[in-house]
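Trainee: First, the structure itself, so that you have it in front of you.
The values are calculated or read from the model by the stated rules, or taken from the named source; none is laboratory data. Owing to the predicted nature of the structure, the values given are computational and were not obtained by experimental measurement. Ideal geometry is used to build each Cβ from the backbone, glycine not excepted, and the neighbour counts take in all protein chains shown.
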Amino acid sequence: MGACGTKQTIDENSDITPASRHRRSRKTMQFKLNRKSENELETVKTILLKELNQRRTIEGRVPLAKFPETGCTHCGEAGEGPLLESAVIYLRTCQTCVLKRFPFQKLRLPAGETITWFRSDPTLHRSSEYGMLLTDQAFYLYSPFWLTFSKWRRIPLSEIQSVAFHDSRFFPTLRVHLNRGTAVLRTPLDYADEMKFDRRNLIEAAERLRESLAKMGQE
């Protein structure tokens, strides 16, 4: 009787191999990591909602009960024109709010232009800042050097021949080759993490510009 019971127990667990235990362990760890990520995301959204409602209160708008899953996450409104995704997937910005941020608040877009993409890297420790903005008609560059004298440069898409990202340990660059000359944007020397973020922005700018040029049959 005891022997039969032992045999039955062995038979029931005979499919539990070291490999299957490893898979179960990985699934358990992944589940815990996902739960941790979800909790961290909710914490971030709670902080962002508080900041959002502070802006809405100042502007005389009714505070929101929860973080907006649709619409602009900066003002909480639907906004006019397409919403723009940031480098963080759950953050979206309307056309109006983009032009309220530094350094974009210094940019004056011609009537009829629609923003399709923008990037910068606002940090507290930098004494300078760069900006890139793409519309359906032009590409705009804001150089981080000589900040006091910096101005936005407008480059019509029709004047762009090609675009390339050039990596460098100290000053990675975006080079926009034009009918006459080349426009160059260098991001500033900074901590490794910040420069990694800047490189991603420059690479994405090159990709977005190529897509725009391809639609116009220029590249």
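Trainee: Under the condition of being acidic (Asp, Glu) and touching a residue at least 24 places away in the same chain (Cβ under 8 Å), which residue from segment 190-219 is nearest to Phe139 (Cα to Cα)? Steps first, answer last, please.
Mentor: Applying the first criterion (acidic (Asp, Glu)) to segment 190-219 yields 190, 193-194, 198, 204, 207, 211, 219.
Restricting the remaining residues to those that are touching a residue at least 24 places away in the same chain (Cβ under 8 Å) gives 190, 194, 198, 204, 219.
Values: Asp190: 25, Glu194: 23, Asp198: 18, Glu204: 13, Glu219: 15 Å.
Result: Glu204.
Trainee: Kindly indicate the residue of segment 30-62 that is surrounded by 10 or more Cβ atoms within 10 Å (Cβ to Cβ) and aliphatic (A, V, I, L, M) and also modelled with the lowest pLDDT among those meeting that condition.
Mentor: Top of the filtered list is Leu33.
Trainee: How many of the residues making up segment 177-198 are out of contact with any strand residue (DSSP E or B) (no Cβ under 8 Å at 6 or more places or on another chain) and either part of a helix (DSSP H, G or I) or modelled with pLDDT of 95 or more (or both)?
Mentor: Final tally of qualifying residues: 7.
Trainee: Quick one: Ala65 ticks every box in (1) surrounded by 10 or more Cβ atoms within 10 Å (Cβ to Cβ); (2) modelled with pLDDT of 50 or more bar one, so which box is it?
Mentor: Ala65 satisfies every listed condition except (1).
Trainee: With respect to Thr114, is the statement that it is outside the structural domain of Lys151 (by TED's automatic domain parsing) and either surrounded by 12 or more Cβ atoms within 10 Å (Cβ to Cβ) or free of Cβ contacts under 8 Å to residues at least 40 places away in the same chain (or both) true?
Mentor: No; evaluated as a whole, the condition is false for this residue.
Trainee: Please go through segment 92-114 and pick out each residue that is under 21 Å from Glu69 (Cα atoms), in contact with a Leu (Cβ under 8 Å, 6 or more places away or on another chain) and either assigned to a strand (DSSP E or B) or not polar (S, T, N, Q) (or both).
Mentor: Keep residues of segment 92-114 that are under 21 Å from Glu69 (Cα atoms), which gives 92-98.
Now narrow it down to the ones that are in contact with a Leu (Cβ under 8 Å, 6 or more places away or on another chain): 92-95, 98.
Listed by number, the residues that qualify are Arg92, Thr93, Cys94, Val98.
Trainee: Which residue pairs have Cβ atoms closer than 6 Å, lie 6 or more positions apart in sequence or on different chains, and pair a first residue in segment 168-183 that is in the same structural domain as Arg200 (by TED's automatic domain parsing) and in contact (Cβ under 8 Å) with a residue 40 or more places away in the chain with a second residue that is outside any strand (DSSP E or B) and surrounded by 10 or more Cβ atoms within 10 Å (Cβ to Cβ)?
Mentor: Once the first residue is in the same structural domain as Arg200 (by TED's automatic domain parsing) and in contact (Cβ under 8 Å) with a residue 40 or more places away in the chain and sits in segment 168-183, its partners that are outside any strand (DSSP E or B) and surrounded by 10 or more Cβ atoms within 10 Å (Cβ to Cβ) give Leu174/Leu202; Leu174/Ala205.
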